[in-house]
Amino acid sequence: MSTKEWPLWEVFIRSKQGLNHKHVGSLRAADSTMALDNARDVYTRRSEGISIWVVESNYVHANDPADADAYFEPSDTKIFRHPTFYEVHEGIKHM
Amino acid sequence: MKVLETTDLEQKFQDKIDREVKIEPNDWMPDAYRKTLIRQMSQHAHSEIVGMLPEANWITRAPNLRRKAVLLAKVQDEAGHGLYLYSATETLGADREATIDDLHSGKAKYSSIFNYPALSWADIGAIGWLVDGAAIMNQVALCRCSYGPYARAMVKICKEESFHQRQGYESLTKLAQGTPEQKELAQDALNRFWWPSLMMFGPNDDESPNSAQSMKWKIKRLSNDDLRQNFIDATVPQAELIGLKVPDENLKWNEETGHYDFTPINWDEFWQVVNGNGPCNKQRVDARRKAKEEGMWVREAALAFAEKRKKKQTA
């Protein structure tokens, strides 16, 4: 059986105005129009969205999860980036 | 950088599982974990797709427009569920078309319940109530599966599927409260679907050799027998409420255990059906194979059209 597959697309949906698009899954489609139509039929059958983005999966780049600890380490060691690091005298308001 | 031995990696992996940290697609995982998931998830996807066949057969014969619209929506959901699951399986590096070809060659299985025919309209009610009911019982447990994409697909599927069970029970209730002939149809559907529904949870725990590993990996959270017992405990009162009799002479509430006792399952029938000798095995796989083969030109034409248009745009 021929197995020439349609490209894979990642689907992002905005559930309502004011919220960001969120990844919901993927699907296969021959082109972007079909990917959008299929995404509507597959991922928004119950009013889950008002806007859809589809991106060919080939174009998504990601960090290597095996190196995630080292990769994100700089952010874990800088606790002074959080307000709770600082001492605030009692009685100080609005800070 | 220190090179990690496989045993170190396996230990780290199991630690993550034990701490309830989900596994995501590109994370390191043991080959056997990946293989188990690919097999389970693709067979789950096949079940959704093959499950459309007995029901789709009744769409044009639904007794009224409301039932027809509901059945159409349900069958459309099943297609969507198959797709979520095929997509989730692909995140493990599985080739989607290869998994589908495995279904067509008989190498991959699907839920054996779909090898039984839907003989009357009442069967559509029984399928929604019992088959989807059993599937939900199983899938609610899978929502906490250790593999992220599978767990997320399950959450969405469970949300959608609760209407499947309700519409089936509602439909069967109407029949059970109708004319004597209608009530007989409802009872007959329950008689035929009860035991196959119980078999959906798979072999008894002591006959299920892979269960222990799946539990350790938290792919599986509850054992086959526990899920089956939960289903029986939940379903028997629902049957009684609409005046239908569960076809098991030994079914009895056990005060001590707080569960229903029931007759041991006829596993001979189960294995016969799993191994290809059920009433509809050939018909189901033939229908799927035909759909792929006869629909292939559409896929090829769509791809050719997309490529042609891309060329035009870049020219």
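Computed quantities for the displayed model
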{"read-out": "Considering residues of segment B:99-149 that are among the aliphatic types (A, V, I, L, M) and within 16 Å of B:Val285 (Cβ to Cβ) only, the residue surrounded by the fewest Cβ atoms within 10 Å (Cβ to Cβ)", "value": "B:Ala108"}
{"read-out": "B:Leu83 vs. criteria under 15 Å from the mean Cα position of the chain (by Cα), aliphatic (A, V, I, L, M) and either at negative phi or within 13 Å of chain A (Cβ to nearest Cβ) (or both)", "value": "yes"}
{"read-out": "Residue in segment B:130-142 that is without any contact (Cβ under 8 Å) to a residue 24 or more places away in the chain, farther than 20 Å from B:Asp233 by Cβ and within 12 Å of the chain's Cα centre (by Cα) present", "value": "no"}
{"read-out": "Test: residue in segment B:56-75 that is within 12 Å of chain A (Cβ to nearest Cβ) and modelled with pLDDT under 95", "value": "no"}
{"read-out": "Subset of segment A:47-71 (residues that are exposed (fewer than 14 other Cβ atoms within 10 Å of the Cβ) and in contact with a helix residue (DSSP H, G or I) (Cβ under 7 Å, 6 or more places away or on another chain))", "value": "A:Asn63"}
{"read-out": "Segment B:208-228 - residue that is in contact with a helix residue (DSSP H, G or I) (Cβ under 6 Å, 6 or more places away or on another chain) and among the small types (Gly, Ala, Ser) and, of those, modelled with the lowest pLDDT", "value": "B:Ser208"}
{"read-out": "Subset of segment B:38-72 (residues that are within 19 Å of B:Leu172 (Cβ to Cβ), touching a helix residue (DSSP H, G or I) at 6+ places or on another chain (Cβ under 8 Å) and in contact (Cβ under 8 Å) with a residue 40 or more places away in the chain)", "value": "B:Gly51, B:Pro54, B:Glu55, B:Trp58, B:Arg61, B:Ala62, B:Pro63, B:Arg67, B:Val70, B:Leu71"}
{"read-out": "Answer residue from segment B:150-160, given it is touching a residue at least 24 places away in the same chain (Cβ under 8 Å) and hydrophobic (A, V, I, L, M, F, W, C) and is surrounded by the fewest Cβ atoms within 10 Å (Cβ to Cβ) among those", "value": "B:Ala151"}
{"read-out": "Filter pass, B:Thr257 being more than 20 Å from B:His46 (Cα to Cα) and over 22 Å from the mean Cα position of the chain (by Cα)", "value": "yes"}
{"read-out": "Exclusive hit being in a helix (DSSP H, G or I), modelled with pLDDT of 95 or more and more than 14 Å from chain A (Cβ to nearest Cβ), set B:Lys290, B:Lys282", "value": "B:Lys282"}
{"read-out": "Subset of segment B:27-37 that is in contact (Cβ under 8 Å) with a residue 60 or more places away in the chain and buried (at least 18 other Cβ atoms within 10 Å of the Cβ) - its residue that is farthest from the chain's Cα centre (by Cα)", "value": "B:Tyr33"}
{"read-out": "Residues of segment A:1-16 classified as among the charged types (D, E, K, R) and facing another protein chain (nearest Cβ under 7 Å), total", "value": "2"}
{"read-out": "Qualifying residue in segment A:17-33 (condition: under 13 Å from the mean Cα position of the chain (by Cα), in contact (Cβ under 8 Å) with a residue 24 or more places away in the chain and either outside any strand (DSSP E or B) or facing chain B (nearest Cβ under 7 Å) (or both))", "value": "yes"}
{"read-out": "Count of segment B:5-37 residues which are in a helix (DSSP H, G or I), among the aliphatic types (A, V, I, L, M) and under 17 Å from B:Glu90 (Cα atoms)", "value": "2"}
{"read-out": "The one condition in (1) crowded, with 18+ Cβ neighbours inside 10 Å; (2) among the hydrophobic types (A, V, I, L, M, F, W, C); (3) under 16 Å from the mean Cα position of the chain (by Cα); (4) over 30 Å from B:Ala32 (Cβ atoms) that B:Phe163 fails to fulfil", "value": "(1)"}
{"read-out": "Failed criterion for B:Ala45 (all others in (1) crowded, with 22+ Cβ neighbours inside 10 Å; (2) in contact with a Pro (Cβ under 9 Å, 6 or more places away or on another chain) hold)", "value": "(2)"}
{"read-out": "Some residue of segment B:106-123 being within 25 Å of B:Phe201 (Cβ to Cβ), part of a helix (DSSP H, G or I), in contact (Cβ under 8 Å) with a residue 12 or more places away in the chain and among the basic types (Lys, Arg)", "value": "no"}
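Every residue, every condition in (1) more than 30 Å from B:Ala306 (Cα to Cα); (2) more than 11 Å from chain B (Cβ to nearest Cβ); (3) of a type in the set (S, T, N, Q); (4) in contact (Cβ under 8 Å) with a residue 40 or more places away in the chain, yes or no:
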residue: A:Leu36; (1), (2), (3), (4): no, yes, no, no
residue: A:Arg46; (1), (2), (3), (4): no, no, no, no
residue: A:Asn58; (1), (2), (3), (4): no, yes, yes, yes
residue: A:Asp64; (1), (2), (3), (4): yes, no, no, no
residue: A:Asp76; (1), (2), (3), (4): yes, yes, no, no
residue: A:Gly91; (1), (2), (3), (4): yes, yes, no, no
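The values are calculated or read from the model by the stated rules, or taken from the named source; none is laboratory data. The structure presented is a predicted model; accordingly, all values stated were derived computationally and were not measured. Glycine gets a Cβ as well: all are built from the backbone with ideal geometry, and neighbour counts include every protein chain shown.
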